[in-house]
Structures are given as structure tokens and as C-alpha cells.
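What follows is a single structure, written as C-alpha cells, with notes after it.
The values are calculated or read from the model by the stated rules, or taken from the named source; none is laboratory data. The structure displayed is predicted, hence computed values, not measured ones. Methodologically, a virtual Cβ is constructed for each residue, glycine included, from the backbone with ideal geometry; neighbour enumeration extends over all protein chains shown.
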């Protein structure tokens with residue numbers, strides 16, 4: 001049975017490592033996916049802070065970007081809904097940080113491991 005892969009599959013152990021140009025394109029694809037995830041998360045956080053805490057766009061951006069960067073919020077939430085949103089968004093931001101790091105490191109780690117195990 002053939003497997004359907006939407007993301008370009010990595011080369012197998014029996015295949016040679018891809019050339020430098022294709023590797024750079026793979027890195028750029030992963031970078032683009034990471035930036036898309038971060039942009040989506042930032043928009044989500046800005047909208048949430050604006051809706052639940054009635055912050056201005058700049059204050060909402062500051063809070064959302066600080067949480068995504070791992071620093072924590074600048075403005076302490078005052079509403080119950082805002083506190084719940086901030087807590088959920090903080091947990092989400094932590095997962096986005098881990099996912100982004102994994103997405104960016106995967107091609108590099110794969111290439112290093114592939115170089116050590118390739119028989120050719």
C-alpha cells in the first residue's frame with residue numbers, strides 16, 4: 001500500500017543525502033512553515049488580548065509576542081476571561097516554541113544522522 005505524504009519525505013537510509021541546494025531549500029521550507037506557525041499564533045494572541053482584555057493593538061502585540069518568546073505577559077490580566085485566555089495562550093505558546101524548535105532542527109539532525117549511517 002502506498003503512503004500519501006503531503007510534506008516532502010526525507011531520503012531513506014539507502015538513499016544518498018540530498019545535495020546542498022536541495023538541503024537549503026528544505027531548510028527554507030521548514031523556516032517558512034515555522035514562520036507561518038508563529039505568525040498564526042501571534043495573530044491569535046493579539047486577537048485574544050484585544051477581545052478579552054480590551055488592550056490596544058500594540059499592547060496586545062507586546063503581550064502575545066512576549067509569551068511566544070517565553071518571557072511572560074507584560075500586562076497582568078484583570079478579567080476572569082482574560083486570565084483564562086492568558087493561561088491557555090501561555091500553554092499554547094510553550095507548545096509552539098517546542099514545535100518550532102523541532103521543525104527547524106529536524107532537517108539538520110536528519111542530515112547529520114543520515115551522513116553517519118549512509119553506506120555510500
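In segment 45-53 there is at least one residue that is modelled with pLDDT of 95 or more, within 20 Å of residue 101 (Cα to Cα) and either crowded, with 17+ Cβ neighbours inside 10 Å or in contact with a helix residue (DSSP H, G or I) (Cβ under 7 Å, 6 or more places away or on another chain) (or both). Looking only at residues of segment 11-29 that are at pLDDT below 85 and surrounded by 14 or more Cβ atoms within 10 Å (Cβ to Cβ), we find that the one that is nearest to the chain's Cα centre (by Cα) is 11.
When restricted to residues that are surrounded by fewer than 12 Cβ atoms within 10 Å (Cβ to Cβ), without any contact (Cβ under 8 Å) to a residue 12 or more places away in the chain and over 17 Å from the mean Cα position of the chain (by Cα), segment 73-108 contains 3. Listed by first and then second residue, the pairs linking a residue in segment 44-62 that is part of a loop (DSSP other than H, G, I, E, B) to a residue that is buried (at least 21 other Cβ atoms within 10 Å of the Cβ), with Cβ atoms under 8 Å apart and 6 or more places separating them unless they lie on different chains, are 55/49; 55/63.
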